[in-house]
Each structure stands twice: as C-alpha cells, then as structure tokens.
Amino acid sequence: MKYYIETYGCQMNVSDSELVASILNTAGHDAAADIDSADVLLFNTCSVREHAEERVLGRISNEKHRKKAKPKFKIVLLGCMAQRIGKRLLETDTGIDYVVGVDNYRQLPSILAGEAHYALDFDTKEVYRELQPVHSNKHLGFVTIMRGCNNFCSYCIVPYVRGRERSRPYEDILQDMQIAIGQGIKDITLLGQNVNSYNYNGLSFPELLRRLNDIKGYYRLRFITSHPKDLSDELIKVMRDCDKVCEHIHLPLQSGDPEILKKMNRGYSYQHYLERIISLRQQVPDIAITTDLIAGFPGESEAQFEATLNAMREIEYDYAFCFKYSERSGTLAATSAEQLPESVRLERLQRMIDLQREITLKKFRAEIGKTVEVFVEDFSKKSKAQVSGKTRDFKIAVLSGDASLIGSLQYAKVLDATSGTLICE
C-alpha cells in the first residue's frame, strides 16, 4: 500500500509525520511520489487556530472525489485535530475513514488493515522509543526531545490535544542526533512544547544542550519553544558557551500587559520577561530574539493592547509571529463573556504587524556591511539564479549561486535588506 502525508501546523507536526513514515515503512508500506499514486492519504493536522482546521477540512473535501476512481482509497486524519474532533468527524460525511491521535501512531498499520476506525486514547508514557524518523529534508532536521504540555495557558488547546508533558530518554535523543548528523544534516532543531521543562532522570535541558554540543561533526543546534517562566540563567550560559548552539531564541511574550498575562495564565510578569531579555543580550550580544503575540484577547482594552505595542518598541524583536485571538472550544478563555468583535481583533492585528514590519526592517538593515554565515537550504523563491538559507541568528538570506551550494555553509556579505530578507553576495 502506498501512502502520502500532508502536514499542517508546527515543526512538531513535521517531526510526527517523519515518525509516521518510519512506522508505515517498517510495516511494509511505501511512500507515494504524489497523491495520484497513493492508496492512502494522511493529513497530519493542527488545532491551534480555527483557520488551521478549516484549511484541512477544505483539503479533505477536495480529495473525496478520488474514492470514486479508487474505491479502496482511504483518508486518514492524524494529530491534534483528530484528537480534538476526530470522532465527531467520523460520524459525518467528511470523507474521513480513520482518525488517529498523537499517542497512537504505532497502531496505524493495524488500523489501515481494517481492525478499527479510530485510536484516540492518551498514553502518558508514549515517547516513541526505538523509532528513527524518516527525515523529509536532507538538509534540515528535527529531533523531538519531549511531548505534551503542562502549562494550560488559558487560550491554548495544546495540553488538551497533546496530553501531559513527558521527556524522551537521553539515549534516544542522542541516537536521533547521531543519525541526523551521519546523514549530513547540518541544521538541527530540538523540539518540545516547552523545551525548558525537559527533565529525564534529573538531566536538565541546559545539560542536555551541553552534551549534544559535544557530538563530533559540524552542525548547528537550535531549539523551540522556550517558555519565559522557565528560562534559567544556566540555559543562557549554555547559549553563551556552546559553539554549535545558534544565537537565536524564540521566546513567546503573547501580551505586554500584566493583567492580560494573568488572564492568559502565562506564569510570568512583563518585568520578569524583560529581565530575561536583558540577560540574554548581555550574555549573548549577537542574539536574535523572536516571539509570538496575540491581538484581541478577551477583555483586552485599547490601553492594554498599547502595552503590547510598547513592549514591541522596547524589546525590538528581530521578528514576531502575530496572531489575532482565536477561540478554542474547551479552553478557559473561550468561556469568557468579554470576547472582542472580530473587526477589533483584525484591526489590532494589522497595527501589530505594521509595527513589527518597521522594527524588523530596522534590525535587518543593521546587518548591511556585515559578513554572515548562511546555511544554504534551497533555491530562492523568486529566482533560480539565487539560493536562500538562514543565518545562525535565523534570518533569511539570499545570495547568487546554483544547486551546488545547496546543503553547504557559506560566508556572505550583506549588501541590502528588506523587512524579511538579507540580500547577500
């Protein structure tokens, strides 16, 4: 049986799709080159925002027609969306044949054999030991170090669809790292809903980073996502001292207002967050800091929104992922009677995006004249005469070159910059 996987959402979902591919390959199935040659179409899904779910449902609707030409053609819903509303979707005419949750991927071969239509039970011990993911990108690699989340931010569905927090054994992580490095992957990202909480038999995240930094070979080491309340001085020292750990951290702020942060159940004050930023920039002067921000959280006043804009001006993020608040059924924030009109959420989101674009352009233009290290990942989207990649501090860079540069590290001089790209030679 040939399978084809479409992946939506975060890097964790990409990593899970690579895990699913490994399980299916071991069971004797083969990856299809495209949907047309597939017998099974698997959608690995995201539930963080309503738009993400609507997009997947639209894609499934578009592919239902294949069942007429191929009566045995099956559609499988995987991941967060399956966990959240999978059983309900099975009972409606969506075209979905099977739904499989985040802790049940090992059951996929038996499900495809017709033994059941769904597997959605949480397993707080499942970390997929002794499985090696099939890396979908031969240049960039993801290594999951932990699964689940214990934080229960009031707006977030993740703990409800990914279960409780658990750390993978160090030996498994080390093996995944060695395999990725052996395959020539030079840019490796460690994944977890909150990597700062990693703890396996007393091994902390900073110590894990130190050990992985000592593996022989040339590669870059990144990690996402860090929760501000758990960002320790020791981790900042590791970022300063370890040569393979990149000068970039993604540190979601979400809001700059203290009352909104409390309503979000974020577990830190803006002052604490700002102290972490100051310490990072003192210890790692060249560090780039990116973040997540939410506009239009329930009950957010204009003054409270302005506090977030002021935080953006004070911190000057290299980049920010800006979102309007999206109600997620089952979360505490969704029960609030203070929901803001969609028009207000969108208007605030646009102001947030416009401000960040100005800041990012300023930060990127400050790189002009510098020499940066670029890991070349692919051709530029605009021209086959250019290649593109990322700097150590996670900025997109384009430079002249051909296919021979893809997968290599290049030192390049920054000639110009836009609000999203460094133009190099």
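Structure notes:
- Counted residues, the range 133-168 - those being part of a strand (DSSP E or B) and of a type in the set (Val, Ile, Thr): 2
- Within the range 111-135, the set of residues being over 22 Å from LEU89 (Cβ atoms) and either assigned by TED's automatic domain parsing to the domain that holds LEU77 or of a type in the set (Asp, Glu) (or both) comprises GLU126, GLU130.
- Qualifying residue in the range 269-291 (condition: crowded, with 21+ Cβ neighbours inside 10 Å, hydroxyl-bearing (Ser, Thr, Tyr), modelled with pLDDT of 95 or more and assigned to a strand (DSSP E or B)): yes
- Test: residue in the range 159-174 that is more than 23 Å from ASP230 (Cα to Cα) and either of a type in the set (Gly, Ala, Ser) or surrounded by 16 or more Cβ atoms within 10 Å (Cβ to Cβ) (or both): yes
- All of GLY407, GLY369 fail the test of being buried (at least 17 other Cβ atoms within 10 Å of the Cβ) and on the phi > 0 side of the Ramachandran plot, apart from GLY407.
- Residue match in the range 1-11 (condition: assigned to a helix (DSSP H, G or I) and either more than 25 Å from PHE321 (Cβ to Cβ) or at pLDDT 95 or above (or both)): no
- SER383 free of Cβ contacts under 8 Å to residues at least 24 places away in the same chain and part of a loop (DSSP other than H, G, I, E, B): yes
- The one condition in (1) crowded, with 18+ Cβ neighbours inside 10 Å; (2) under 16 Å from ASP187 (Cα atoms) that GLY401 fails to fulfil: (2)
- Among the residues of the range 175-204, those that are part of a helix (DSSP H, G or I) and either more than 21 Å from the chain's Cα centre (by Cα) or free of Cβ contacts under 8 Å to residues at least 40 places away in the same chain (or both) comprise GLN175, MET177, GLN178, ILE179, ILE181, GLY182, ASN196.
- Residue match in the range 6-26 (condition: out of contact with any Phe, Trp or Tyr (no Cβ under 6 Å at 6 or more places or on another chain), of a type in the set (D, E, K, R) and without any contact (Cβ under 8 Å) to a residue 24 or more places away in the chain): no
- Any hit, the range 301-322, residues being aliphatic (A, V, I, L, M), under 23 Å from the mean Cα position of the chain (by Cα) and either part of a loop (DSSP other than H, G, I, E, B) or modelled with pLDDT under 95 (or both): no
The values are calculated or read from the model by the stated rules, or taken from the named source; none is laboratory data. Note that the structure is predicted; figures quoted are calculated from it, not measured. We place every Cβ from the backbone using ideal geometry, glycine too, and count neighbours over all the protein chains shown.
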